[in-house]
Structures are given as C-alpha cells and as structure tokens.
Amino acid sequence: MINKVSLKKFDLDGKPIYFPGQTIVNNFVDPKLNELLKEISDNFKTLSFANKFAYLPKNSYHMTLCDLIVFNNLKEDNKYPAEIKALESLEETDYYIINKLKDLEYPKDVKITIDYIAENKVYIKGYHEEDLEKLKAFRKKTLEFLKIKYNEDYKFHISLNYSLYHLTDEENKEL
C-alpha cells in the first residue's frame, strides 16, 4: 500500500518533489557519525524490499530541530497562528521567520548519540540528559515564540530514507 505522507516529498520512483517551507536543522560535521549513517543507509539497500524506500543523499543527513512551516499546508493547518496564515508567498514566510528569529540563541555544546534505529530513522538522544534538555528547550522556545503549536512528544531523529510504501509485517520483522 502506498505511503501518502512520503508522496508529499517523493514520487514513486524516489525522486524528490518540491516541498517548500522552513525548518531549523543541525547538519553534522563529525566524519564518524556521517560514516555510520552511510553504513546504516547502505544496509537498507540490501533488504529484499529496498525499492520501497526513497533514499536521501548522503550529504543531506541532518537532525531537524524545529519543523516550522510547510508552505503547501499553511492555510489549512490549524497549528499556525493567523499572522502566519496571512502570509501569501514563500518569500514572505522566509522573511517573517528570518526576522522573528534573528536574535534567537541556538543551543551550544550539545552532544548527541544514537538512541535506537526504527524503520527509516535514527533516533537521537543527548549524550547527557542536559544535552537533550537543551534541544527540547530550544524547540519549545522557538515554536512558542512563533505561536506554532507543537508536539511535546517529538523525538529528535535523522531521516535516512522515506518509505514510499507501507511495509508488511514480514518486512518489518526483517528490519
């Protein structure tokens, strides 16, 4: 069965689809982490159902800190306040976010480690509890400042691929 959520970002051949919006991400410069992520992704490609995934380029691995605006959903999604919903173009939302967050302090000296791997994501935790708390506090402060509703249970993660099709029970066991 087709995974309609992933089809917002990829076609059935795994090619990216234009998906405009604003997100705060953390790119990784640790060569050991990047090599490990590449190895995990390469292992996915050996699965008997590897063609059910759209794979992200190795140079785009990142951890999302705050998913701010999905422009295509801006008018319908009730998580956005009226002042954001009133914006008419992607350029306006860019300008709005940049100006609102220009003085925002990003968390510093945060150390992370892999918590667990599930389906197509590598879940992250703080190396120490205070590291995770810094990330959570930053996310909460940013989204509250923008008046964007957010999920308290958000799990920080690195996406390696997107499932184009829902996996069968047998395929999930193989993972």
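The values are calculated or read from the model by the stated rules, or taken from the named source; none is laboratory data. All of these numbers come straight from a predicted model, not from anything done at the bench. Cβ sites come from the backbone with ideal geometry, for glycine too, and all protein chains shown count toward neighbours.
Overview of values
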{"read-out": "Residue in the range 11-56 that is surrounded by the fewest Cβ atoms within 10 Å (Cβ to Cβ), counting only those that are of a type in the set (D, E) and part of a helix (DSSP H, G or I)", "value": "E39"}
{"read-out": "Residue in the range 107-115 that is among the basic types (K, R), touching a Phe, Trp or Tyr at 6+ places or on another chain (Cβ under 6 Å) and closer than 24 Å to L12 by Cα present", "value": "no"}
{"read-out": "Per-region count, the range 138-173, residues outside any helix (DSSP H, G or I), within 18 Å of D103 (Cβ to Cβ) and of a type in the set (D, E, K, R)", "value": "1"}
{"read-out": "Members of the range 142-171 found to be of a type in the set (D, E, K, R) and either within 14 Å of T113 (Cα to Cα) or surrounded by 14 or more Cβ atoms within 10 Å (Cβ to Cβ) (or both), listed by number", "value": "K155, E171"}
{"read-out": "Checking E133 against (1) at pLDDT 95 or above; (2) crowded, with 16+ Cβ neighbours inside 10 Å, the condition it does not meet", "value": "(2)"}
